[in-house]
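Down below is the structure, laid out as structure tokens.
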Amino acid sequence: MTTVRQLRKAALSLPEAVEGKRFGTLTFRVRDKGFATLTDDGLVQLYMSDEVAAQVLERFPVAERLTRSGKPIGVTVPLAAVNGMQLNALVEKAWLCRAPKRLAAARLAAHRGVAPAGEDALPSRIGKPATRALLAAGVLTLTDVAARSEAELLALHGVGPRAIGILREALAERGLELAP
């Protein structure tokens, strides 16, 4: 059984996701486009393309098609009927459908562990897990790293003390340091 807290964590871990209330209902948006809503009766409404919704409906028997004025707009899933890992995947699918293309492409690149190259690039020595975690959190460059605290970085699954040490060295070489 998944909780509202887990839904909130899954949604807000995605780049530029914000929480709000709309007509008294908990909603999550990316760049002013809603991607998930929690109804009073515990249904998570996930807004996604019809193609992605069809995949979700096939994989999750508890899911149902969500329509507005007879037009398919996504799926609904009872919060209590999915585990945390399933919820994370479903929320991310909805986010990917609603996020701007560039932001969604960056997220997909993060899954592959592909960091942007260049002078301000993340050091490859930090390893793939740390690179994927940073990219997934929207941390694409050393300048982005400098805007985060050590605690924020360590909270990312895949970033450990070794990666922090390497990042500190790379930042120092550029005259930067982690945020307090």
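The values are calculated or read from the model by the stated rules, or taken from the named source; none is laboratory data. These numbers come from a predicted model, not from an experiment. All Cβ positions, even for glycine, are placed from backbone atoms using ideal geometry, and neighbour counts span all protein chains on display.
Could you check segment 9-26 and list, in sequence order, the residues that are touching a helix residue (DSSP H, G or I) at 6+ places or on another chain (Cβ under 9 Å), without any contact (Cβ under 8 Å) to a residue 60 or more places away in the chain and assigned to a strand (DSSP E or B)? Show your work before the answer.
Filtering segment 9-26 for residues touching a helix residue (DSSP H, G or I) at 6+ places or on another chain (Cβ under 9 Å) gives 9-11, 13-19, 26.
With the extra rule that they be without any contact (Cβ under 8 Å) to a residue 60 or more places away in the chain, the set shrinks to 9, 18-19, 26.
Passing the criteria: Val18, Glu19, Leu26.
Of all residues in segment 130-146 being surrounded by fewer than 22 Cβ atoms within 10 Å (Cβ to Cβ) and either modelled with pLDDT of 95 or more or not small (Gly, Ala, Ser) (or both), which is nearest to Glu173 (Cα to Cα)?
Residue satisfying both the conditions and the ranking: Leu142.
On the given criteria, is Thr3 more than 23 Å from His111 (Cα to Cα), of a type in the set (Ser, Thr, Tyr) and within 17 Å of the chain's Cα centre (by Cα)?
On the way: more than 23 Å from His111 (Cα to Cα): yes; of a type in the set (Ser, Thr, Tyr): yes; within 17 Å of the chain's Cα centre (by Cα): no.
Here the answer is no, as Thr3 does not meet what is asked.
Could you tell me whether any residue of segment 28-40 is without any contact (Cβ under 8 Å) to a residue 12 or more places away in the chain and of a type in the set (Lys, Arg)? Steps first, please.
So the first thing to find is which residues in segment 28-40 are without any contact (Cβ under 8 Å) to a residue 12 or more places away in the chain, and the list is 32.
Adding the requirement that they be of a type in the set (Lys, Arg) leaves none.
Scanning segment 28-40, I find no residue that is without any contact (Cβ under 8 Å) to a residue 12 or more places away in the chain and of a type in the set (Lys, Arg), so the answer is no.
Within segment 120-130, is there a residue that is over 16 Å from the mean Cα position of the chain (by Cα), among the β-branched types (Val, Ile, Thr) and farther than 24 Å from Thr39 by Cβ? Explain how you work it out, then say what you get.
Just the residues of segment 120-130 that are over 16 Å from the mean Cα position of the chain (by Cα), to begin with: 120-128.
So of that shortlist, the ones also among the β-branched types (Val, Ile, Thr) come out as 126.
Add one more test, that the residue is farther than 24 Å from Thr39 by Cβ, and what stays is 126.
Checking segment 120-130: at least one residue is over 16 Å from the mean Cα position of the chain (by Cα), among the β-branched types (Val, Ile, Thr) and farther than 24 Å from Thr39 by Cβ.
Does Arg65 satisfy being modelled with pLDDT of 90 or more, among the basic types (Lys, Arg) and assigned to a helix (DSSP H, G or I)?
no
For segment 110-129, what are the residues that are among the aliphatic types (A, V, I, L, M) and surrounded by 13 or more Cβ atoms within 10 Å (Cβ to Cβ)?
Going residue by residue through segment 110-129, those that are among the aliphatic types (A, V, I, L, M) are 110, 114-115, 117, 121-122, 126.
Residues satisfying the conditions are Ala110, Val114, Ala115, Ala121, Leu122, Ile126.
Pick out the one residue from Pro15, Pro78, Pro72 that is in contact with an Asp or Glu (Cβ under 6 Å, 6 or more places away or on another chain) and outside the structural domain of Val139 (by TED's automatic domain parsing). Write out each step before concluding.
On the way: Pro15 fails: in contact with an Asp or Glu (Cβ under 6 Å, 6 or more places away or on another chain); Pro78 fails: in contact with an Asp or Glu (Cβ under 6 Å, 6 or more places away or on another chain).
Sole residue among the options that is in contact with an Asp or Glu (Cβ under 6 Å, 6 or more places away or on another chain) and outside the structural domain of Val139 (by TED's automatic domain parsing): Pro72.
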